[in-house]
Amino acid sequence: MTTLLRRIGGFSVRSCRSFSGCAPEQTATWVRSTFVEFFRQKYGHLLVPSSPVRPRLDPSLLFVNAGMNQFKPILLGTVDPRSKMASYRRVVNSQKCVRAGGKHNDLEDVGRDVYHHTFFEMLGNWSFGDYFKEEACSMAWSLLTEHYGIPASRLYVSYFAGDAASGLPADEETRHVWLDIGVPPSRLLAFGLKDNFWEMGDSGPCGPCTEIHYDHVGGRDAAALVNANDPDLVEIWNLVFMQYNREVNGSLRLLPQFSVDTGMGLERLVRVLQGKRSNYDTDLFTPLLHAIQQRSKVGPYRGSMGTADAGRVDMAYRVVADHIRTLTVCIADGVYPGMSGAELVLRRILRRAVRFCNEVLQTPPGTLASLVPTVCHILGNVYPELHQESNTIINIINENELHFLSSLQQGSRVIHRTLSKKDYKHGVFPAAVAWSLHRDLGFPLDLVDLMLEERGVRVDHQELNILITENNKVRGRLQSCDESKLTLDVATLAELQRLRVPHTDDSLKYQYHLEGDTYVFPQCHATVLALYDGQTLVAEVPEGRRCSVILDQTCFYTEQGGQSHDHGYFTKNELPDMPYTVETVIQVGGYVVHQVTATDHLKTGDQVQLHLDKIHRLACMVKHTGTHILNFALRNVLGPTVQQRGSHVSADRLRFDFSVMASLSVCELQRVDKQVSDIISANHSIYSQEIPLRMALAVPVSDLLVGQPDRQTSVELCCGTHLLQTGAIRDLLIISEQQIVRGMSRIIAVTGQEAIRAREAGQLLLQEVDSLAARLTSSASSSLNAVQHLAEQVGVVSDAVDNTAIPQWQRRELQSRLRTLQRSANTAVRKLEIREAATSAQSLLEKNGSKDLQVDSVNTDSLSILMKTVNHLSTAAPHSHVMLLAHQKHSGKVLCACQVPKSSTFLSASDWATAVCGHLGGSAGGSVLVAKGTGSSSDISEAVKWAEEFALAKIKPSQG
């Protein structure tokens, strides 16, 4: 290997050629930093840190799956012009990406080959309206061939061949750029839409792309293998040229600003530069594979695949190494294993890794979490949040693993029991059982399939799909359908800017003050600057048409920062009695868009007056300020490890998600409640100031606390609307707190009168529980009916405690007390039943003696007492065949219970009860020795006679 040091434009680069089979010198850390510094120092790109893998305000994605995700607002033209992102022109970074679930899903391929991953890093450089094709291609070729030292003879380049059906010409411009750079025509290959035209989604920015491919073998003509899924000839860099916008109707329109978006997988690049044939043989993975081997009971990693991989051992190594990276990165970014969306995908990843650890690698429990420090060592220097959250990551993985191993054992037992049943249809597993495993034990359906596949069995998927469809229908009914919003598209935003329509001044949303105890909100007179009908800008909208309205100024708050948008309406000056209800308020590209249905015609230039729903706004302000107070109290009680993970503020309640390892105890909930109440009662002043984000981040917190030396103060960045004093909240009460996923809890809280009513409801329920406890204590000598009634009342009050809005700390206390009361009531009922059954049995023994066949009636309404009476008789007369019937007064049914001796071979209890209850028009069930059932008859004596004759017919032949 030869090493060459160059100095270009003040940037030192070590170019290492590791393609001769010698041991490589380039570490993954060096490869990543070289990429970033090449674009920073040589071409003036701004380094933008990787965004978290949880997408921000993008419900279309489960995870960030490409470097461009965080820059979508720029590409879509929706970026807030006041934000730092609006100033981006040249950007470089290494983005954490997860492709597991959704459109891009590599989960099932991981482990089967040596290059697919659920987590990977995407190296990328961007130009937003700055340089374009020539510069992008030149930079890429220079970096690869000159600075990384990759031989040009191993590189192939593809470009867009055009598509006649779409009216798209071939990208001849890019072809000529590559020819000018020196790429031989034989290595410059044209491909169609599938391979060389990149689209963000069904609509939005898109354009032709050019890809650089690397041949791991070398010394051959491998042009025919490009885009042929050959593992030895792989794409390493994709350069996308954003030229068009895909409209909703499928047509293409040129974008007002052309951009460049490139992406190169770090893992593949490191594999190339370290001269490896597998990503898992690079220093991004070898420390992990070594750590796994130290904890396993199998041999070391050999890198085999397919049939050569005996027992899938090497596949297990790859799966675990890949999955622990994904788990570590995701949990550090606040995505915890859970029951839906990205959290569900992460849970599948964790459980897949646990299964391979447990069943293939034979590692002890806790192995998966023990690999977290190794991941932090490999990646923590560039992603410091991994070190900061390492303890949380370890705890969450261990807790989830423990829970899954328990579920795995339980699920395995369910599967085994189902397969061993006599009525089981061989080869096809009942869908209802599979669905139960998924719904109740949290088994992913693909894991059920996998466990059955290993036994040569499959699920009845036709039946399973019916169950899933029914479940989705129920869920659909529970979720309201959100009407489509008339959101401005990128072309409309460009047109607004061309027309020089100024951005909306929404500063009035923060300009309110107190007069005494009353909040006074500013009046707002505005001019209609633009109207959008869902397809284009229009000068006028007729009556009844739904449209988006852009005003020169507004006092309405747009939905952001977890706070709901304002409600209200506006009126035209010439029609002051004709309200135009504002349905939604959103912000797009610096414009506040009011969505309305025109009550009368509306045109640009109209003068309007905005009428804010002050009650709704004030309710949101109360909840928003309450959220900050709640966060402050939680951190005081639980410690600084508490981190906000999400919130939503509406007029009726607030939701707050935060990181915590377990649900709060009663004591902790009480302490939080007291701190919140104290802050509200003190009526503290609240100060806010609107400043640019970068300035806020640069100001030391100590500077904000000047003059507050003796007071605890909470300082938080926020975009919501706040109260000016805490007293207006009146009261804030946590009415629900539960862990929604491992390591994350969700609080629901109410304020004001709702909180006061909840406290009152809690007191009433407390009185009910106190009364039940006192009555149960004094009921030891009461009648069975009275105690049974008390037990039923305990159940009713328990339901009320579970479902009524009351303080959560009080709910937990009352639930605990009610569980104790329920046990006591059940014990008292059981004792009284045993006493009554014993008395009844004694009377029957005195009447009938201990003859071989005892069929009689007793006076009871309880099947439980009837069964206990039968048991007493059988114990006293072990050779007797006993059946008792009873008329249930409140229903008119006949209760039946029976028991036969163990030595009985000609009469089973289940056959006897089934025959008698069938004769009475009912049904029964049980075992050979004991059975019970119900039927109907107006003549209990006739039923007793029939039951006795049936038994005699079975017993007498055996005696003869």
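For Ala915, what charge total do you get from the other residues with a beta carbon under 11 Å from its beta carbon, if Lys and Arg give +1 and Asp and Glu give -1?
Values: positive: Lys954; negative: Asp911, Glu949.
Residues close to Ala915 contribute a combined charge of -1.
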Which entry is the computed mean projected area of the Cα convex hull in nm² for this structure: (i) 69.0; (ii) 48.1; (iii) 53.3?
-> (iii)
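How much of the accessible area of the range 28-282, in percent, comes from carbon and sulfur atoms when a 1.4 Å probe is used? All intermediate terms of the calculation are to be shown ahead of the outcome.
Details: 4700 of 9640 Å².
Ligands and nucleic acids excluded, carbon and sulfur reach 49 percent.
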Relative to the present Cα-Cα distance, how much length would full extension add between Thr804 and Val715 at 0.36 nm per residue of separation?
-> 28.6 nm
What is the Cα coordinate range of the range 284-417 on the first, second and third principal axes, sorted by size from largest, in whole angstrom?
-> 43, 34, 23
The answer for Gln553, listing residues at least 5 apart or on another chain whose modeled amide H is closer than 5 Å to its amide H, is Asp505, Thr527
Given pairs Lys889/Lys945; Lys421/Lys932; Lys84/Lys572; Lys902/Lys956; Lys572/Lys623; Lys868/Lys956 and cut-off 29 Å on Cα-Cα distance, the over-length ones are Lys84/Lys572; Lys572/Lys623
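How high is the FRET efficiency from His789 to Asp202, r the C-beta distance, R0 51 Å, rounded to 0.05?
Values: r = 62 Å, r/R0 = 1.21.
Efficiency at R0 = 51 Å is approximately 0.25.
Show me the ranking of peptides 891-899, 159-167 by mean Cβ neighbours inside 10 Å, starting with the highest.
Values: 891-899: 22.7, 159-167: 16.1.
Going from most to least packed, we get 891-899, 159-167.
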Quote the accessible area belonging to Asp577 in square angstrom, nearest 10, computed with a 1.4 Å probe and with ligands, DNA and RNA left uncounted.
-> 140
Could you work out how far apart the two model spin labels at Glu942 and Ser420 are, taking each label as a point 7 Å from the Cα in the direction of the beta carbon, and quote it in nm?
-> 4.7
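Need one word for the range 68-154: rounded, prolate or oblate. Basis is the Cα gyration tensor (sqrt eigenvalues a ≥ b ≥ c); a/c below 1.5 gives rounded, then a/b vs b/c decides.
Working: a/c = 2.88, a/b = 1.15, b/c = 2.49.
Oblate, since a/c reaches 1.5 and b/c is not below a/b.
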Express in nm, to one decimal, how much length is gained between Ser927 and Leu764 on full extension, taking 0.36 nm for each residue of separation and deducting their alpha carbon distance.
-> 54.0 nm
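May I ask you to rank Ser340, Ser507 by accessible area, largest first, using a 1.4 Å probe over the protein chains only?
Order by accessible area, largest first: Ser340, Ser507.
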Pair Leu499, Leu47: separation of 7 Å Cα→Cβ label points (nm) = 4.4
Relative contact order (percent) for the range 284-417, with alpha-carbon contacts under 8 angstrom and 6 or more residues of separation?
-> 26
Extending each Cα 7 Å along its Cβ direction at Ser406 and Lys831, get the distance between those two points in nm, one decimal.
-> 3.2
Based on DSSP H runs of at least 4 residues, each adding -39500 (n - 2.57), what is the mean residue ellipticity at 222 nm of the chain after dividing by all its residues, to the nearest 500 deg cm²/dmol?
-> -12500 deg cm²/dmol
Of all accessible heavy-atom area on the range 284-417, the percent that carbon and sulfur account for (1.4 Å) = 53
Cα centroids of the range 323-349 and the range 58-130: how far apart, whole angstrom?
-> 18
Taking square-rooted eigenvalues a ≥ b ≥ c of the alpha carbon gyration tensor, is the range 28-282 rounded, prolate or oblate, where a/c under 1.5 means rounded and, failing that, a/b exceeding b/c means prolate?
-> rounded
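What FRET efficiency do you get for Val520 and Ile468 if R0 is 60 Å and r is their Cβ-Cβ distance, rounded to the nearest 0.05? The partial results should precede the final answer.
Details: r = 54 Å, r/R0 = 0.90.
Approximately 0.65, to the nearest 0.05.
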FRET efficiency for Ser33 and Arg277, Cβ-Cβ distance as r, R0 = 22 Å, nearest 0.05?
-> 0.35
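Can you tell me, using C-alpha contacts under 8 Å and at least 6 residues apart, the relative contact order of the chain as a whole percent?
Values: 1685 pairs, mean separation 59.8, N = 960.
Answer for the chain is 6 percent.
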Which value, in Å² and to the nearest 10, is the accessible area of Val414 when all protein chains are kept and the probe is 1.4 Å?
-> 30
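Can you give the % of DSSP beta bridges in the chain that are antiparallel, to the nearest 5?
Details: 120 of 136 bridges.
That works out to approximately 90 percent antiparallel.
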Given H placed on each backbone N at 1.01 Å, which residues far from Arg545 in sequence or on other chains put an amide H within less than 5 Å of it?
-> Ala598
Once all protein chains are kept in place, Arg835 shows an accessible area at probe 1.4 Å, nearest 10 Å², of 140
For the range 849-955, what % of the accessible area comes from carbon and sulfur atoms, probe 1.4 Å?
-> 53
Counting only residues 5 or more apart in sequence or on a different chain, those whose built amide H sits under 5 Å from that of Ser857 are Leu885
Relative to the present Cα-Cα distance, how much length would full extension add between Asp446 and Ile756 at 0.36 nm per residue of separation?
-> 106.8 nm
Could you give me the ³J(HN,Hα) list for the range 405-419, computed from phi with Karplus coefficients 6.51, -1.76, 1.60 and θ = phi - 60°, whole Hz, x at Gly and Pro?
-> 4, 5, 5, 4, 5, 5, x, 4, 5, 4, 4, 4, 5, 5, 5
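Using a 1.4 angstrom probe on the protein heavy atoms only, line up Lys954, Lys674, Lys868 by accessible area, largest first. Spell out each step's value before the answer.
Numbers: Lys954 90, Lys674 125, Lys868 55 Å².
From most accessible down to least: Lys674, Lys954, Lys868.
Once you list every other residue whose beta carbon is under 12 Å from the beta carbon of Gly334, what net charge do they have if Lys and Arg are +1 and Asp and Glu are -1?
Working: positive: Arg54, Arg56, Arg645; negative: Asp333, Glu343, Glu385, Glu389, Asp657.
Net charge around Gly334: -2.
Assuming a ≥ b ≥ c are the square roots of the Cα gyration tensor eigenvalues, decide whether the range 899-960 counts as rounded (a/c under 1.5), prolate (otherwise, with a/b larger than b/c) or oblate.
Numbers: a/c = 2.75, a/b = 1.41, b/c = 1.96.
Cα axes put the range 899-960 in the oblate bin.
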Taking Cα pairs under 8 Å and at least six residues apart, what relative contact order does the range 213-304 come out at, in percent?
-> 19
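Would you mind getting the accessible area per residue of the chain, heavy atoms of the protein chains only, 1.4 Å probe, in Å²?
Working: 44090 Å² over 960 residues.
Solvent-accessible surface per residue comes out at 46 Å².
The values are calculated or read from the model by the stated rules, or taken from the named source; none is laboratory data. The structure displayed is predicted, hence computed values, not measured ones. Don't worry about glycine lacking a Cβ; one is built from the backbone with ideal geometry, like all the others, and counts go over all protein chains shown. Ligands, DNA and RNA are excluded from the accessible area calculation, which covers all protein heavy atoms including side chains. Shrake-Rupley method; radii C 1.70, N 1.55, O 1.52, S 1.80 Å.
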